Amino acid sequence: MKKNDPDSLADAENSAAHLIKYRMRAEKELRHRLRDKGYNDKIIDELIIKLKKIGIIDDHKFAYLYMYDKVTLNKKGVIAVSNDLLKLGVEKYIVDETAQKIKNEVNMYDIAKEQAEKYLSTNNDFLKLRKYLFRRGFDTEIIEYVIKDLGGDADDY
């Protein structure tokens, strides 16, 4: 296997392309991964500027697509996905804007209720359900509405 030249922009581009073909990346995440591969900071900076110019690196777009997919496909709550994005290096203000946008576009109650019904099909413990939904990243208010609508009472949470 060919060793990467830490001063080669072409090698860094190939490494970045390999990472990005699997999923879009946050700027900080891509910087970290390229640094781990041994590229120097000057080459990484040059590449990031180039990728930003052509729209391949865009933390706003990345955060939106990542959160939308995790919420709608993986049925996770906005809180959990926001924490994931922060760990990936997306700035807090971008994560907060994205979370608000997703909350306005996606019915989080329906997603939480779907997860709750699935959980209750195997386990009828509302206290455990509450903890489960909380771990999945749903807001406490939504969890309370879901439990109430599914027949749980105030003592269950």
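Only the coordinates and a few stated rules stand behind these numbers; no lab work does. Since we're looking at a predicted model, the values are computed, not measured. Cβ: placed from backbone, ideal geometry, glycine included. Neighbour counts: every protein chain shown.
Computed values, structure above
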| quantity | calculated |
| --- | --- |
| Too-long pairs where the Cα-Cα distance tops 26 Å, listed order kept, from 50/70; 3/42; 52/87 | 50/70 |
| Relative contact order (percent, whole number), the chain, Cα cutoff 8 Å, 6+ residue spacing | 20 |
| Square roots of 5 times each gyration tensor eigenvalue, C-alpha, the chain, largest first, Å | 41, 15, 11 |
| Ellipticity estimate at 222 nm from DSSP helix runs (n ≥ 4, -39,500 (n - 2.57)) divided over the chain, nearest 500 | -21000 deg cm²/dmol |
| Whole-Å distance, taken between Cα centres, linking the stretch 76-144 and the stretch 1-59 | 32 |
| Calculated on alpha-carbon atoms, Rg and Dmax of the stretch 9-53 in Å | 9.2, 25 |
| Phi to ³J(HN,Hα) by Karplus 6.51 cos²θ - 1.76 cosθ + 1.60 over the stretch 46-61, Hz, x for Gly, Pro | 4, 5, 4, 4, 4, 5, 5, 4, 8, x, 7, 9, 8, 4, 5, 5 |
| The stretch 24-157, dipole about Cα centre (Lys/Arg Cβ +1, Asp/Glu Cβ -1), debye to the nearest 20 | 740 |
| Acute angle (nearest 10 degrees) that the helix 9-20 long axis makes with the longest principal axis of the chain, alpha-carbon atoms | 20 |
| Extent along principal axes [Cα atoms of the stretch 108-156; Å; largest to smallest] | 21, 21, 17 |
| Extended-chain gain in nm, criterion 0.36 nm per residue less alpha-carbon gap, residue 58 and residue 9 | 15.7 nm |
| Added length on full extension, which subtracts the Cα-Cα distance from 0.36 nm per residue, residue 18 to residue 87 | 22.7 nm |
